Each structure stands twice: as C-alpha cells, then as structure tokens.
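The values are calculated or read from the model by the stated rules, or taken from the named source; none is laboratory data. Nothing here was measured: the structure is a model prediction, and the numbers come from that model. Glycine gets a Cβ as well: all are built from the backbone with ideal geometry, and neighbour counts include every protein chain shown. Keep in mind that these areas ignore ligands, DNA and RNA; they rest on the heavy atoms of the full protein, side chains included. Shrake-Rupley method; radii C 1.70, N 1.55, O 1.52, S 1.80 Å.
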Amino acid sequence: MDDYKAIEIETAKKYGATTKGTRKSIGDFLLDDDIQKPVNVKSNNIAKNNYSPNIISAKRLIKWLRQDGNHLYFIFVNYKKTEQSIEVIDDSGLVSVEHLSWHCLTIETQGWGVIQMVGDLKTDKTQDKKGFFRGMRQAYERYIDKETQKMAKIREMIKDF
C-alpha cells in the first residue's frame, strides 16, 4: 500500500470515518458521511524535499465551493518512514479551505491551474469564503500574468518556423 493511502486510512479512522475517495473525488473521506463535507488528507514525508506540493485543482475547487452548502476540509500530515512502519509526526487537525491563507498558497500551471502550497501551512480563522476567493483571484491574476509572459516567449521562439 502506498504511504499516502495508509495515512489517509489512519487519519479517517481518527475522525470515525472510512476512506471512500477515489483519485477523482474531491475528498479522501467524509465527515459524518455528509457528501457536502469532504476531507482531503495531504501527507508530507519530512525526509524528502517536497517542493510546492499540489493541494487541489483550482477549477475543481471553484466549482465545488460555488455549490450551496458545500464545504471542504484539509488535514495536513507530516510523517517519516522507517523500515517497518510510517510514523506520523504531527497533523494540522481539520482546516476549513476558507481558512487557508494565500500567504502559503500559489496557483501554478497544470490544466486550469493547480493550487500548491509554498512554505509552511498558514491559516487565517477570521477569513471567510469571500476572503478566500479574493485571495484566489489575486493568485489567479499572478498566474495569468506569468502564463501570458511565457506564451509571448514561446511565440517569439517559434516565429520563424
């Protein structure tokens, strides 16, 4: 079994749930079996240099959160692997998506953009969904500017073909 899957299973058990997620579902397990309250477990092997791990597709998150009553939670788990087992060092507990600070997030190229974590987890419990979306809009503007510059360079590179 992959490390991340084992961590998802153990984390779900901690919350009295079972993992039901597939690679295409928005969460790895549901709080109280409520389809509108999925939890996405993000694991990090502290022994590796995990630069800017993917959190979630930006487009998918927008579509999900725009539906009335939908929520999304994350649990960030740090672990280390021994020869015999996986040892969880710590976890963030439940973090509502709107409490994720854009000071530790960015949007990078992949499909319509993927939200990635840069640096340590930062949360803002005073931020609401509207504030989260404002930060997302700013992150998307930076993403669009970078992509526009990149496309201009590609256009210049291939102009003589």
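Counting only aspartates and glutamates at least 8 places from LYS48 when in the same chain, those with an alpha carbon closer than 14 Å to its own are ASP3.
Using r as the Cβ-Cβ distance of LYS63 and CYS104, and R0 as 22 Å, what FRET efficiency do you calculate, to the nearest 0.05? Before the final figure, lay out each step's value.
Details: r = 23 Å, r/R0 = 1.04.
So, using R0 = 22 Å, E works out to roughly 0.45.
Counting only DSSP beta bridges whose two residues both lie in the stretch 23-94, roughly 50 percent are antiparallel.
On average, how much accessible surface per residue is there in the stretch 1-155, in Å², for a 1.4 Å probe, leaving out ligands, DNA and RNA?
Working: 9770 Å² over 155 residues.
Result: 63 Å² per residue.
When the P(r) is computed for the chain, the part past 20 Å accounts for 55% of the Cα-Cα pairs.
Estimated translational diffusion coefficient (Stokes-Einstein, Kirkwood radius over Cα pairs, 20 °C, 1.002 mPa s) of the stretch 1-68: 163 µm² per second.
Which aspartates and glutamates does LYS146 reach when only Cα atoms under 13 Å apart count, and residues fewer than 8 places away in its own chain are ignored? Cross-link targets: GLU108.
For THR18 and GLU156, what is the calculated FRET efficiency with R₀ set at 45 Å and r taken between the beta-carbons, to the nearest 0.05? Present the calculation step by step, with values, prior to reporting the outcome.
Values: r = 53 Å, r/R0 = 1.18.
Calculated value: 0.25.
Within a straight-line Cα-Cα reach of under 17 Å, LYS122 can be paired with the following aspartates and glutamates, leaving aside sequence neighbours fewer than 8 residues apart in one chain: ASP90, ASP91, GLU98. For the stretch 1-83, the relative contact order is 27 percent, taking Cα pairs closer than 8 Å that sit 6 or more residues apart in sequence and dividing their mean separation by the residue count. GNM on the chain, alpha-carbon springs under 10 angstrom: the most fluctuating residue among GLN127, GLN138, GLN149 is GLN149. Taking amide H as placed 1.01 Å from N in the peptide plane, LYS20 has its amide H under 5 Å from the amide H of PHE29, LEU30, each at least 5 places away in sequence or on another chain.
Rank ASP124, ASP28, ASP145 by mean-square fluctuation in a GNM of the chain with C-alpha springs under 10 angstrom and give only the top-ranked residue. Comparing ASP124, ASP28, ASP145 in the GNM, the peak value goes to ASP145.
Given LYS13/LYS42; LYS59/LYS81; LYS80/LYS129, which pairs have Cα atoms separated by over 25 Å?
Numbers: LYS13/LYS42 15 Å; LYS59/LYS81 33 Å; LYS80/LYS129 33 Å.
Check vs 25 Å cut-off fails for LYS59/LYS81; LYS80/LYS129.
The mean sequence distance of close C-alpha pairs (under 8 Å, at least 6 residues apart), as a share of the length of the chain, puts its relative contact order at 16 percent. Counting only DSSP beta bridges whose two residues both lie in the chain, roughly 70 percent are antiparallel.
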